[in-house]
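Take a look at the structure below.
The values are calculated or read from the model by the stated rules, or taken from the named source; none is laboratory data. A quick note: this is a predicted structure, and the numbers were derived from the prediction, not measured. Glycine gets a Cβ as well: all are built from the backbone with ideal geometry, and neighbour counts include every protein chain shown. Only protein heavy atoms, including side chains, enter the accessible area calculation; ligands, DNA and RNA are left aside. Shrake-Rupley method; radii C 1.70, N 1.55, O 1.52, S 1.80 Å.
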Amino acid sequence: MAETLKLSLYDTMTREKREFVPTDPKRVTMYCCGPTVYSYAHIGNARAAVAADVLFRVLRHIYGEDHVEYARNITDIDDKIIVAAKEQGIDISEITTKFAKIYNDDLAALGCLMPTYQPHATEHMDDMVAMIEKLIVDGYAYESEGHVFFDVTKYDDYGKLSGNTLDQLKQGARVGEAEYARKKNAADFVLWKPSKEDDPSWDAPFGAGRPGWHIECSAMIKKTLTSEKYGETIDIHCGGQDLKFPHHENEIAQSNCAHNAPLANYWVHNGFLQMDAEKMSKSLGNVKLIHELLETWDGEVLRFALLSGQYRGELDWTDSLLKQAKNTLDGWYRILEQEGLEFISGNEPEDISLEAPVLSNRANCFLNYLCDDLNTVNVISELSQLKQNLSNGYDNGFDGSSPRIIPFSLKRKWNLLRSFVGTANLLGLLQKDPEEWFRGKAQEGGLTDAEIDGLIADRAQARADKDWGRSDEIRDVFANENIILEDGADGTTWRRG
RNA sequence: GGUACCAUGGCGGAGUGGUGACGCUCUGGAUUGCAAAUCCAGCCACCCCGGUUCGAUUCCGGGUGGUACCUCCA
């Protein structure tokens, strides 16, 4: 455990950056609202998952891999799923199983670790029913025409997370007539509702039906992350900023009332991706699916692009951003290619030369940036500077008044490389072999690796004959395939642009 | 109507009460048969108006602009 590191997180509830202090450093808990699995996830969904993944990785680094428990749910019962199942004439489980797998595969391509737990809503009906029952018995929820609603007036702090008050919410309320008639207050939200005849249904003391959207998270948090021993409060709850209201507000209300304890000590919300100065959203139809993007870009490029903005801010999602991400990663992978993975992953070299004074303490500051509310941007900046030094082969800095250039000793180079790669790995980057990275995936209908090698051999002969016309002709063939040749001292290598 | 966040160079995006992060792009040079890669050099910014201060991009007030939430959404 790295005890000297102090992580600070911006807490939406208190609207300030606070030092993170877990309830128990031996068991740090975090929950992230996962997807409703009825179609492909988009890159905005990925941003939330990647932000949570970085947090997960940092927590694991600080407290130890075995001391962090991360739960991310799968919502596998929902109106949209039912609609999709009807349209396709299949059971909802076929749809949810398929898209849950795709979601996990897509995130894996983006370098996300699997959460410790991935609870499914349909596997926790008992827990939801039990919690709803308790809320009814304790007077926080009421039944009405087969529905169960949470009475928001029974929870004094309702609206605290999003900065709303009940009066303000009434003004903005857009509630259908039928629904309004069933409720005591417009802002009351549904915990349980009757299912239509053919729809999936579960038995409950208050009538057969299915749960509202919010109750599953409260019930699954209780089930997977809390216990009598540790109490009902988890350390961190995260998700997209749109979930602040109503989803998280409602989770807070129902969990507080059911357990008489806060749901989470820290609330972490990520900002939205922008598409042409407008938020990416399913209702606007301007979404980019992770699945589609992976056809063109390496998952690491997508991850890098997501990490190039601080997680709380808006981030413009453009081709230019992706191109920049790729170019930068190319530069980083060049270091691996240049130094060789054997050297980097080998033992610390013996070095008989005098150790040069170290002017840069760059290698030590990565984690401090990361611990400052997950400032991945500064980490990337520092890594880029370190990459520059590694590429040059020397430190630069000031010794008193005069600038100095100090070539690396082998030992120092090795240590800096380890720091460079280790930090990138902590961010979930530089996970590939450089050769694999540069050659990329063969495009459909493009040249095969064997054909490429053949043409390169032809060109080598032409160059030996000083037949520059033929040589350039072959280069043009490659250029049309978006393949770039590099004539080095040891022969010609190639990569996909 | 209510609430929240944001405003930095061609683009992305940090940070700071006083020497203009960093990346990408671009320009010039070195190198190369030509390239690529690499190296060197260079260009370019802190929304507006007040206030505090010796000094503000950074603090305070006002304005303007942008985005989001109050409805399924990461």
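Looking across A:His237, A:His291, A:His259, one residue alone is surrounded by fewer than 19 Cβ atoms within 10 Å (Cβ to Cβ) and more than 18 Å from A:Thr318 (Cα to Cα). It is A:His259.
Restricted to region A:165-178, and to residues there that are modelled with pLDDT of 65 or more and more than 6 Å from RNA strand B (Cβ to nearest atom), the residue that is least open to solvent (accessible area, probe 1.4 Å) is A:Leu166. If you go through region A:218-243 and keep only what is under 18 Å from the mean Cα position of the chain (by Cα) and either away from RNA strand B (no atom under 16 Å from the Cβ) or closer than 19 Å to A:Lys17 by Cβ (or both), you end up with A:Ile236, A:His237, A:Cys238, A:Gly239, A:Gln241. Within region A:27-42, residues that are of a type in the set (Val, Ile, Thr) have Cβ atoms under 7 Å from residues that are surrounded by fewer than 22 Cβ atoms within 10 Å (Cβ to Cβ) and in a loop (DSSP other than H, G, I, E, B) in these pairs: A:Val28/A:Pro22; A:Thr36/A:Asp78, counting only partners at least 6 apart in sequence or on another chain.
Every listed requirement among (1) without any contact (Cβ under 8 Å) to a residue 12 or more places away in the chain; (2) open to solvent by 60 Å² or more (accessible area, probe 1.4 Å); (3) at negative phi is met by A:Lys466 save one, (3). Within the set A:Ile90, A:Ile74, the sole residue that is without any contact (Cβ under 8 Å) to a residue 60 or more places away in the chain and in contact with a strand residue (DSSP E or B) (Cβ under 7 Å, 6 or more places away or on another chain) turns out to be A:Ile74.
Screening the candidates A:Ser39, A:Ser8 for the property of being surrounded by fewer than 23 Cβ atoms within 10 Å (Cβ to Cβ) and either of a type in the set (Lys, Arg) or outside the structural domain of A:Leu273 (by TED's automatic domain parsing) (or both) yields one hit, A:Ser8.
The selection criterion, being within 16 Å of RNA strand B (Cβ to nearest atom), at pLDDT below 95 and surrounded by 13 or more Cβ atoms within 10 Å (Cβ to Cβ), holds for A:Asp188.
Annotation note: Cβ proximity below 6 Å between a residue of region A:279-295 that is within 11 Å of RNA strand B (Cβ to nearest atom) and a residue that is among the hydrophobic types (A, V, I, L, M, F, W, C) and part of a helix (DSSP H, G or I) (sequence gap 6+ or interchain) occurs for A:Lys288/A:Ile43.
Of all residues in region A:439-497, those that are away from RNA strand B (no atom under 11 Å from the Cβ), among the aliphatic types (A, V, I, L, M) and modelled with pLDDT of 90 or more total 5. Within region A:42-78, restricting attention to residues that are within 16 Å of RNA strand B (Cβ to nearest atom) and among the basic types (Lys, Arg), the residue that is surrounded by the most Cβ atoms within 10 Å (Cβ to Cβ) is A:Arg72. Of the residues making up region A:309-324, those that are in contact (Cβ under 8 Å) with a residue 24 or more places away in the chain, within 7 Å of RNA strand B (Cβ to nearest atom) and not in a loop (DSSP other than H, G, I, E, B) are A:Leu315, A:Asp316.
Within the set A:Arg27, A:Arg15, A:Arg72, the sole residue that is basic (Lys, Arg) and modelled with pLDDT under 95 turns out to be A:Arg15.
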